[in-house]
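A short worksheet on the structure shown next.
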Amino acid sequence: MHRHIITIAMLLFTAIAALAGNKEVEKMLSRMASVTNYEKIEKNDTTRSYYLLKFTQLIDPNNENAGTFEQRVMLGHRGFDRPTVIVTEGYGADYAFNSKRYMEELTYLLDANILFVEYRYFSQSKPNPLDWQHLTIANSMHDYHAITTEFKKHYTGKWAATGISKGGSTTIFYRAYYPEDVDVSVPYVAPLSRALEDGRHESFLEQAATKADRDAIREFQFQLLKRKAELMPKFNEYCNEKGYTFYVPTETIYDLCVLEYQFSFWQWGMPVTGIPSNDADNETIFKYLIKSCEPEYFSRKNDLESFSIQAVKDFGYYGYNVDPFKDYIKAEDIEGYYKKVMLPAEWANTIFDDYNYRFVTDYLTENDPKMIFIYGEWDPWTASGVTWLESRNKKNIHIYTQPNGSHRARISTMPRDTQKEILSLLKEWMQ
C-alpha cells in the first residue's frame, strides 16, 4: 500500500513539475516579439514539452522595407539549462511537425532541447507574394541566426546545429556564416556543390562498391533502353494516370529515369540482389524501375520548385554520364538537363553563383571549428562532400564514413567503436 502511495505521489509531483515547466515555456514564448503565435502539440516523446510556433523573419535581412514572413519552428523543451540542438532543415518540415514519432538523433543522444526550423520558401514558411530573388543561402542563414540569437537568451547550455542532406549542407553554411552561434555542428550526408552540375558524381559512381555490382546496375540500364519501345506505352500510361506533366517530351523523361536509377540505387543503398534478371518480363522490369525512380521527380508538380530554384541559383546539383549509353540516348537532350527539366524557361539564363562553395571551402580550410561530419561510403552525395578535409590534419573537424553506407548513414549506423568515439567527442564538447 505504501509503495502505491509513493508511486502516485511521484507521478503527481512529475505532473505538477511538468505543468510548471510548461507555464515557464509559454511565458517565454509570449514575451518574444518575433513569435506571432504558438500552440502546444503532442508527441510520443513525453520527456519534452513540444510547441509549434511561427517566428517572424525579414524577407531581406539587408532591407527591412522588403517585408517579413512567418517561419515555422518546433520547440521541444527539455530544460532551460540543458543543451539545445537547432535542426537546420533544408526543405519543408511536415514530416517532423506532424509525426508523433519523430525524434532527431542528436537531440536524443544529448538529452537536449530541440529547435526544428523549416527552410524559408518551403511548405508553410513562404512569403506572400513569392519573390525568388530573396531565396538565397545567405538570407536563409540569417533566419537560423535570428532564431538562435533569440532563444539563446533563455537556453543557457551548449548549442549544437545539425541537419541531414540539404539540411546538413545548411548546417555547414550556418557554421561558416555565423561561427559563434553554436558550439558544435554535426552535418549528415551533406554535399557542398561547386556547380549546377557538379561533375564529381559521375566518376564516383564508376568506382562504387565492386565491379560486379556496377556491372549489374549498368546491365539493367541497358535492358531498360533496349526495351524502351516496348516499355514506353506503359510509361506514358502511368504518367497520364498520375497526372504528371513535364517540360520536355516523355521520351526524355524515360531516359532521365534510366540515368537517375544508378544514382538512386547507391543513394538509398538498394540491394543488388533485387535487380531483375535479363530474362525478366516487361511488367517486372517496369515495376522495378518505377519503384526505384519515380518519374514524378521530373514532373512539374513535384513540390520541389523552391529547391529547384535554389539549386540553379546557388546550391548546385549533379549531372549524368551519358557516354556509355550514346547508342540509345542523345547527349544533347541530357546536357544542361536541370534547367530544361525542373524549371520553366524563364530560368534558362540563370548563372550559378559559386560564392558559397568558395566561401565555405575557405572557411573550413582556414579554421578548425568543432564539427562532426557523417557520410556513407557509397552515397553519391559523398562525392561532393568535404572528405578532402581528412588530409588537413584538423584537431576539431572529424569526418566519419560508414563502410558500405548510403544516404541513410547516421551515428547509429556506424560501427560500434566509431559510435563510441563520436559519443565521447559530443560529451566532451557539449558539457
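The values are calculated or read from the model by the stated rules, or taken from the named source; none is laboratory data. Remember, predicted model here, so these are calculated numbers, not experimental data. Here the Cβ is made from the backbone with ideal geometry for all residues, glycine too, and neighbour counts use every protein chain on show. For the accessible areas, the whole protein counts, side chains as well, though only heavy atoms, and no ligand, DNA or RNA atoms are used. Shrake-Rupley method; radii C 1.70, N 1.55, O 1.52, S 1.80 Å.
Key figures for this structure:
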item	result
Which listed residue is in contact (Cβ under 8 Å) with a residue 60 or more places away in the chain and within 22 Å of residue 189 (Cα to Cα), from 292, 264, 306	306
Residue within the stretch 69-79 that is out of contact with any strand residue (DSSP E or B) (no Cβ under 9 Å at 6 or more places or on another chain) and at pLDDT 95 or above present	no
Test: residue in the stretch 393-400 that is in a helix (DSSP H, G or I) and either under 21 Å from the mean Cα position of the chain (by Cα) or crowded, with 16+ Cβ neighbours inside 10 Å (or both)	no
Residue check for residue 375: surrounded by 20 or more Cβ atoms within 10 Å (Cβ to Cβ) and touching a residue at least 40 places away in the same chain (Cβ under 8 Å)	yes
Residues satisfying the stated conditions in the stretch 60-83, i.e. open to solvent by less than 20 Å² (accessible area, probe 1.4 Å) and not in a strand (DSSP E or B)	79, 83
Qualifying residue in the stretch 211-225 (condition: touching a Lys or Arg at 6+ places or on another chain (Cβ under 9 Å) and either free of Cβ contacts under 8 Å to residues at least 24 places away in the same chain or open to solvent by less than 70 Å² (accessible area, probe 1.4 Å) (or both))	no
Answer from 251, 260 - the residue that is charged (D, E, K, R), touching a helix residue (DSSP H, G or I) at 6+ places or on another chain (Cβ under 8 Å), modelled with pLDDT of 95 or more and open to solvent by 50 Å² or more (accessible area, probe 1.4 Å)	251
All positions within the stretch 323-338 that are open to solvent by less than 20 Å² (accessible area, probe 1.4 Å) and part of a loop (DSSP other than H, G, I, E, B)	329
Residues within the stretch 401-431 that are open to solvent by less than 50 Å² (accessible area, probe 1.4 Å), more than 19 Å from residue 168 (Cα to Cα) and of a type in the set (Ser, Thr, Tyr), tallied	1
Scope the stretch 90-104; condition assigned to a loop (DSSP other than H, G, I, E, B), open to solvent by 20 Å² or more (accessible area, probe 1.4 Å) and either aromatic (Phe, Trp, Tyr) or under 19 Å from residue 185 (Cβ atoms) (or both); matching residues	91, 102
From the options 360, 341, residue that is over 20 Å from residue 166 (Cα atoms), open to solvent by less than 30 Å² (accessible area, probe 1.4 Å) and assigned to a helix (DSSP H, G or I)	341
When residues of the stretch 379-392 are limited to those that are more than 17 Å from the chain's Cα centre (by Cα) and of a type in the set (Ser, Thr, Tyr), the one surrounded by the most Cβ atoms within 10 Å (Cβ to Cβ)	387
